[in-house]
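Scroll down for the structure; my scribbles are underneath it.
The values are calculated or read from the model by the stated rules, or taken from the named source; none is laboratory data. Note that the structure is predicted; figures quoted are calculated from it, not measured. Cβ placement follows ideal geometry from the backbone for every residue including glycine, while neighbour counts extend to all protein chains displayed. Side chains are part of the model used for accessible areas, which takes the heavy atoms of the whole protein and leaves out ligands, DNA and RNA. Shrake-Rupley method; radii C 1.70, N 1.55, O 1.52, S 1.80 Å.
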Amino acid sequence: MAAMFLRCGSHPLSAAEIPPTLGPSPASRKPSSAASVSCGGASPRDLQPVTEMHSMTQPRWDPQAQDTSGLQPMWFSEAEPERGTSSSFQPGAMAGQFCSSSLLNEEVWSFLKAIPPIPDEAVVTQKSPRSTWRVGTLRHGKRVNAVAISSAPRHVYTCGTGYIRVWDEDALHASDRAPQAQLDFQDPRNRVLTCKLFPDEQSLITGGMARALTLWDLAPTPQIRAQMASTGPMCYSLALSSDAHICLASFKGFVEIWDVQNQILIRKHEVPLYGSRCVDITGFKFWTGGEDTTLYSWDMRSYQKLQQHNLCHEILSITHDPSEEWVLAGLKMSDIVILHAHREEKYKAVVQRYTQHHNLKFASCGTHFVATLDGMIHCLAAPSLRRLFQTEECYEILCCDMSADSQYLVTGSKESATVYQLLY
């Protein structure tokens, strides 16, 4: 395993600051990319993250293509084999190059050389967005606490106090369109704080201050399918399993585990009183965190606590990548902590700027994710953490969602939602 040390700042390291065994990556000498800002605001220096890495393997979350405005990676010039592994492996001069070894005879080499190269047009690669275009504004009329966007058909659901508004695709490219529908709550004081769209995009579940989780059928006409009575007064966060059979709802001091297909409460699971603001699920584990600065993981089968990680700052959001191998935690200090769901690996991108609202959303294709910090939007490549673009809104961003086809990003704020088209 190659040990890596990462540092970022507004100035390159001097020769005295670089240890003799370390050398700067060629990527650290690339010119910085321009950031798109739509509403003025913070200086670029305030937005540049500092990173630390602990026990990370180079193929994963390895910032190799950063510019000088972002991360500046450095690594040992020669990788030392881990203990217990054979040192007979001889890496080639470049990645992907066959190494010469006495074990490979001439017949093998002849066979390898005879393999024709793969043409570039035959290689399918996932692209990452290079910028974003603000295409529309959805006038919700009240504070947008939660938002969801579907792909087929293209609809946006803005949630707040008293009602949910449904917007069709035509409204996404305008600023003065009326919603396609408005779903009024029986009690106008009911407030939705969180929502999750099902993977098939045919159902939506909402939670908040209604003492119930509401399950909505979205097609052909949005309507309530079921209301599942909660045991707590306020639901802070929701999480759905990848097959949409299990739903987790976090309340102060406990998490409700629901069989959402049959609307049956499986278990009321107690968690630390101040460690329950956020919840997420990856496979047979679920994760909780909150004001006590600790990220907890729990076994879905035995309900035993598996791990706890002290992250030093209040946890405002938790999400995971599409493979469910990596868990991301957004902190009040704007830091993003990245942990492996099964191995002892941790990565930390440090911004060192306090924020009230920190939302994270991973693209379904897995090549990038979005972090919103108050009024700023950052889009970062995965796993390199290269900054793809950033933009600023005039109001604090309270929530965000990305379409399943990774074409649109929607953010919710004071009285409206903003729609962005991602440009590739």
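Short version: ³J(HN,Hα) in whole Hz for each residue of region 140-150, in order, from phi by Karplus 6.51 cos²θ - 1.76 cosθ + 1.60 (θ = phi - 60°), x for Gly and Pro, what are they?
6, x, 9, 4, 8, 8, 8, 8, 9, 10, 9
Within the set of other residues whose C-beta is less than 12 Å from the C-beta of Gly141, count the net charge using Lys and Arg as +1 and Asp and Glu as -1.
Computed value for this residue: +4.
What is the local net charge at Asp184, summed over the other residues whose Cβ is closer than 14 Å to its Cβ (Lys, Arg +1; Asp, Glu -1)?
So the environment of Asp184 carries a net charge of +3.
By average Cβ neighbour count within 10 Å, what is the ranking of 363-369, 150-156 from highest down?
Most protected by this proxy first, the peptides run 363-369, 150-156.
For Asp335, which sequence-distant residues (separation of 5 or more, or a different chain) have an amide H within less than 5 Å of its own amide H, given hydrogens modelled in the peptide plane?
Val351, Gln352, Arg353
For region 179-327, report the accessible area per residue in Å² (1.4 Å probe, heavy atoms, rounded to an integer).
I get 45 Å² per residue for region 179-327.
Using the Karplus curve 6.51 cos²θ - 1.76 cosθ + 1.60 with θ = phi - 60°, work out ³J(HN,Hα) for each residue of region 350-361 in order, rounded to whole Hz, and write x for Gly and Pro.
So the J values, rounded to whole Hz, are 9, 9, 6, 8, 5, 9, 8, 10, 9, 10, 10, 9.
Per residue, how big is the convex hull around the C-alpha atoms of region 245-340? Give it to me in cubic angstrom, could you?
Looking at region 245-340, the number lands at 86 Å³ per residue.
Based on the mean of other beta carbon atoms within 10 Å per residue, what is the order of 157-167, 225-235, 343-353, most packed first?
In decreasing order of mean packing, 157-167, 225-235, 343-353 become 157-167, 343-353, 225-235.
Take the alpha-carbon centre of region 344-399, take the same for region 205-236, and report the distance between them in whole Å.
Between the Cα centres of region 344-399 and region 205-236 lies a distance of 28 Å.
Please list 3J(HN,Hα) in residue order for region 282-289, calculated via the Karplus relation 6.51 cos²θ - 1.76 cosθ + 1.60 where θ = phi - 60°; whole Hz, with x for glycine and proline.
9, x, 9, 10, 10, 10, 9, x
Counting only residues 5 or more places away or on other chains, whose amide H sits under 5 Å from the amide H of Tyr163 once H atoms are built in the peptide plane?
Distant-sequence amide H within range of Tyr163: Phe185.
Based on the mean of other Cβ atoms within 10 Å per residue, sort peptides 271-284, 409-422 so the most packed one is first.
Ranking, from highest mean packing down: 409-422, 271-284.
Calculate the dipole size of region 281-324 relative to its Cα centre from +1 charges on Lys and Arg beta carbons and -1 charges on Asp and Glu beta carbons; express the result in debye to the nearest 20.
Its charge dipole is roughly 220 debye.
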